[in-house]
1. Against the longest principal axis of the chain, how steep is helix 39-65, in degrees 0 to 90 to the nearest 10, with axes from Cα atoms?
2. So what are the radius of gyration and Dmax for the Cα set of the chain, in Å?
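Coordinate-derived values only; no laboratory data. Every value quoted in this text rests on a predicted model; they were computed, and no experiment measured them.
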Amino acid sequence: MTGTLAGIGAGLAVIGAGIGIGMIGGRATEAIARQPEAYSMIQTVMIITAAMIEGVALFAVVVSLIK
């Protein structure tokens, strides 16, 4: 039972991170389309934010799999 719940927790963490990073990419694309001159600043912020989300997701997966 514990393994099943850990798998569900890890799956939810990965799904949440995927949705979050997808939203960041979409919104960054819209922002770049509106202001092409701000491309480098938008890209930098997007990469930093995606890395933070991925770090939190990795932490959540590790915590959910620790018995």
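1. For 39-65 against the chain, the angle is about 0 degrees.
2. Cα radius of gyration and Dmax of the chain are 15.6, 53 Å respectively.
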